[in-house]
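Data block below; observations after.
All of the numbers you see were taken from the coordinates with simple rules; none came from a lab. These numbers come from a predicted model, not from an experiment. Positions of Cβ are generated from backbone atoms using ideal geometry, with glycine treated the same way; all protein chains shown enter the neighbour counts.
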């Protein structure tokens, strides 16, 4: 039997959205932070850039491990409670990163942050599904997903500025303070989504959910297509076009702005429904990659297409989260844990795949691969989602939270 707290004990919808959005922002900021700080960190911990980036790899492995093993706990103890535990551990990990005496101290601290992030992200996606009123699912999930824009546009940019002004250790300390503040602010969310699972969940039980394997295939196609191109945009701008690192940094900035602007289009997903919206959105993502391919020699047009890329990637991610969260509400934690694991496996794999293509065909080869993967997913979605029940075809994200 499922239980949930009464509405009087839950925070207002806008408060819940702000907390979940901010949580993604902090997790995302930490995951992107080491790249611009690599020289400053290396000079203090006596390590070269490649050694410093081992901390980023350790973070990614921590996320993947926790998403696979810890995320299912949310189905038993409640996603809100697991999120609060994760935020507390994240605050400790960020504080430890700030105080790290050397490289191995930083790596250990980032593993702790990764474990927290791997537990937090599936809980955030689960709670976004739980709090969304019927008929407004895509809008709520879309607003929560704009936390990634906060991390790309504000978190990394402001952190780089703060590091220049006061040192990289203060950056991690500030993020630790924000995580602790968010933990305090989320006290009432700890009661949400409690007891949703009627039985213990695990990655194995989640894999047996009908539609799960195809959902993970869709996840891998979207994420691999994204990272196979994203990781090589900077190299294209600096090496192929001969422009500066600062100019290369504008591409992810424009992408992040587009990702945030896409919330204006999320209500359209609610009206169209999951089955009708997914195939055309993936076709649009593929066409965006082809547009970038055709204009790859023109920096200004690349910036414009990066904005468009962010918009359609946001819509695709929104639909993907919707597709996974409707599969089995009682195992959302385990399901979204598998999704996060797939995502970080794609983060790990994409540099190797793109590394084979980029030296031969440059960014155009990466863009062609990304377009092909998205077209394949558009076909897969058209075949898989046509069998959805009529009610799920109409509502693009998730059913109401249990009463």
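Just to verify a number: FRET efficiency for residue 386 and residue 217, C-beta to C-beta distance, R0 = 25 Å, to 0.05? Provide the component values of the computation, followed by the final result.
Values: r = 16 Å, r/R0 = 0.64.
Calculated transfer efficiency: 0.95.
Using the Cα atoms as the points, what is the convex hull volume per residue of the range 53-133 in Å³?
So the per-residue hull volume is 78 Å³.
Going by C-beta contacts inside 10 Å, put 278, 238 in order with the fewest on the left. Kindly include the intermediate steps, with their values, before the conclusion.
Working: 278 27, 238 14.
Exposure proxy ranking, most exposed first: 238, 278.
Rounded, prolate or oblate: which fits the range 9-196, taking a ≥ b ≥ c as square roots of the Cα gyration tensor eigenvalues, rounded meaning a/c under 1.5, else prolate when a/b beats b/c?
prolate
I need 343, 295 ordered by Cβ neighbour count within 10 Å, fewest first.
With the fewest neighbours first, 343, 295 line up as 295, 343.
So for each of 72-79, 183-190, 366-373 I average, over its residues, the number of other beta carbons within 10 Å; can you give me the resulting order with the highest mean first?
By packing density, highest mean first, the sequence is 72-79, 366-373, 183-190.
With a cut-off of 8 Å between alpha carbons and a minimum separation of six or more residues, what is the relative contact order of the chain in percent?
Once divided by the residue count of the chain, the mean separation gives 27 percent.
Bins of 5 Å, beginning at zero and ending with the bin holding the largest distance: percent of Cα pairs per bin for the range 104-183, please.
Binned Cα distances yield the sequence 3, 12, 15, 22, 20, 12, 8, 5, 2, 0.
So, by mean Cβ neighbours within 10 angstrom, what's the order for 314-323, 215-224 with the highest one leading?
314-323, 215-224
What whole-number distance in Å separates the alpha-carbon centres of the range 80-102 and the range 343-382?
So the two Cα centres are separated by 33 Å.
Order by neighbour count: 14, 148, fewest other Cβ atoms within 10 Å first, most last.
The most exposed by this proxy come first: 14, 148.
Contour minus end-to-end for residue 162 and residue 246, with contour as 0.36 nm per residue of separation and end-to-end as the Cα-Cα distance?
Result: 28.6 nm gained on full extension.
Could you give the Stokes-Einstein D for the chain in µm² per second, using the C-alpha Kirkwood radius, 10 °C, 1.306 mPa s?
For these conditions, the coefficient is 75 µm²/s.
With the Cα gyration tensor of the range 204-394 in hand, give its eigenvalues times 5 under a square root as the equivalent ellipsoid semi-axes, listed largest first in whole angstrom. Kindly include the intermediate steps, with their values, before the conclusion.
Numbers: eigenvalues 184, 64, 38 Å².
The three semi-axes for the range 204-394 are 30, 18, 14 Å.
What FRET efficiency do you get for residue 77 and residue 287 if R0 is 60 Å and r is their Cβ-Cβ distance, rounded to the nearest 0.05?
Here the calculated transfer efficiency is 0.85.
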